[in-house]
Amino acid sequence: LERYAPLAPLHQPNNLAPIRILLERSPQMPQVACFDTAFHRSHDWNADHYAIPQSLYAEGVRRYGFHGLSYEYIAGQIPELIPDKASGRFVVAHLGSGASMCAIAGGRSVECTLGFTALDGLPMGTRSGQIDPGVVLYLISEKGMTPAAVQDFLYKECGLKGLSGVSNDVRELLESKERDAALALDHFVYRIGLYAGYLAASLGGIDGFVFTAGIGERSVEMRSRIAEKLRWLGAELDPKANSEGALRISTASSRVGLYVVPTNEEWMIARHTLDALSSPQGSDKRTA
């Protein structure tokens, strides 16, 4: 597990700390690791690869995708909450301090905005999101930054925090009177709109768009602003349903349904843990 720390440096060291403590104090206690990438293993060859030599892919340089536990939970909820579109094509937006979007068809992940690391795709609270590799080269060659300094910069000083110069918290940015705070939110919404088209293309069209995670579940204003970017796809927001936080927040005539579905990654972890401990292999079972 320690080998994968570079893929998620904000998360993996913290995840490993309690594992080490339990190994020292209770070495016989079974421990189960639930990978946030596993749900995306259904991606096809094109979605899985970068245009780099295959030897690097063989070493593990590939588009993994993240937030898989959240997307797996939402995929399981769709047949129950939206039964008329149980096998439909959905774009799910996991919008929180860490943000990403996923294309799901028939309950399976088709494409994700996150790739090799948790830096890709949408701008996030403190992470840059998609960036030209040339910028990284520029920071190293022209600004004299070390690889470690660049990593720290892209993970901790960019995103909404870097753009606004105010905060990485959407709630604070919405309340701020600073011009750059408004521009940071505009950029966030703009990029979500762009990726909605990208993911819709991967599905050949969409039947529904799901908001989830902290911002997606709680911010009426951000959902409204994002929905405006989805009008060209056939989505039409119902302001009253949106303000009430209803399951469906699109109008009855909307060609693309807009939904708010709370995620529950902890539930998915508990279910996978129970499955692993209940399996014939018991605590020796490994999943990736």
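Quick notes
- Calculated FRET efficiency for the pair ILE52/SER279, C-beta based, R₀ 35 Å, to 0.05: 0.45
- Accessible surface of ILE206, taken over heavy atoms with a 1.4 Å probe and every protein chain present, rounds to 20 Å².
- When only Cα pairs below 8 angstrom with a gap of at least 6 residues are kept, the range 39-192 shows a relative contact order of 17 percent.
- Selection from GLY88, ILE192, LEU69, by position along the positive dipole direction of the chain (Cβ): GLY88
- Estimated FRET transfer efficiency when R0 is 45 angstrom, pair TRP232-LEU23 (beta carbons, to 0.05): 0.30
- Debye log10 I(q)/I(0) at q = 0.22, 0.25, 0.26 Å⁻¹ for the range 40-118, Cα point scatterers: -0.97, -1.14, -1.20
- Cα gyration tensor category, rounded, prolate or oblate, for the range 116-219 with a/c compared to 1.5: oblate
- Value at 222 nm in deg cm²/dmol, rounded to 500, when DSSP H runs of n ≥ 4 in the chain each add -39,500 (n - 2.57): -13000 deg cm²/dmol
- Whole-angstrom Cα spans of the range 207-249 along principal axes, big to small: 25, 19, 18
- Length-normalised contact order of the chain in % [C-alpha pairs under 8 Å, at least 6 apart]: 17 percent
- With both residues required to sit in the chain, DSSP beta bridges show an antiparallel share near 55%.
- P(r) of the range 1-68 over all Cα-Cα pairs, binned every 10 Å from zero, in whole percent: 17, 40, 28, 13, 2
- Packing order of peptides 177-189, 22-34, highest average first: 177-189, 22-34 (average count of other Cβ atoms within 10 Å over each peptide's residues).
- In the range 168-288, the portion of solvent-accessible area held by carbon and sulfur atoms comes to 50 percent [1.4 Å probe, whole percent, DNA, RNA and ligands not counted].
- Here is the size of the range 76-177 from its Cα atoms: Rg then Dmax, 17.3, 56 Å.
- Cα-based reach from LYS161 at 24 Å (exclusive), listing lysines while leaving out same-chain residues under 8 positions away: LYS143, LYS177, LYS229
- Modelled label positions at SER224 and TYR4, each set 7 Å beyond Cα in the direction of Cβ, lie 4.1 nm from each other.
- The chain, dipole about Cα centre (Lys/Arg Cβ +1, Asp/Glu Cβ -1), debye to the nearest 20: 160 debye
- Stokes-Einstein translational diffusion, the range 168-213 - Kirkwood Rh over all Cα pairs, 1.306 mPa s, 10 °C, in µm²/s: 129 µm²/s
- The share of C-alpha pairs in the chain whose separation exceeds 24 Å stands at 54 percent.
- Distance between modelled label sites at SER243 and ARG108, nm, 7 Å Cα→Cβ extension: 4.3 nm
- Here the dipole of the range 170-246 is about 100 debye; that uses its Cα centre as origin and unit charges on the Cβ of Lys and Arg (positive) and Asp and Glu (negative).
- Once the Cα gyration tensor of the range 152-288 is diagonalised, semi-axes √(5λ) in Å: 31, 24, 15
The values are calculated or read from the model by the stated rules, or taken from the named source; none is laboratory data. Predicted model only: the values in this text are computed from it and were never measured. We place every Cβ from the backbone using ideal geometry, glycine too, and count neighbours over all the protein chains shown. Heavy atoms of the whole protein, side chains included, go into the accessibility calculation; ligands, DNA and RNA do not. Shrake-Rupley method; radii C 1.70, N 1.55, O 1.52, S 1.80 Å.
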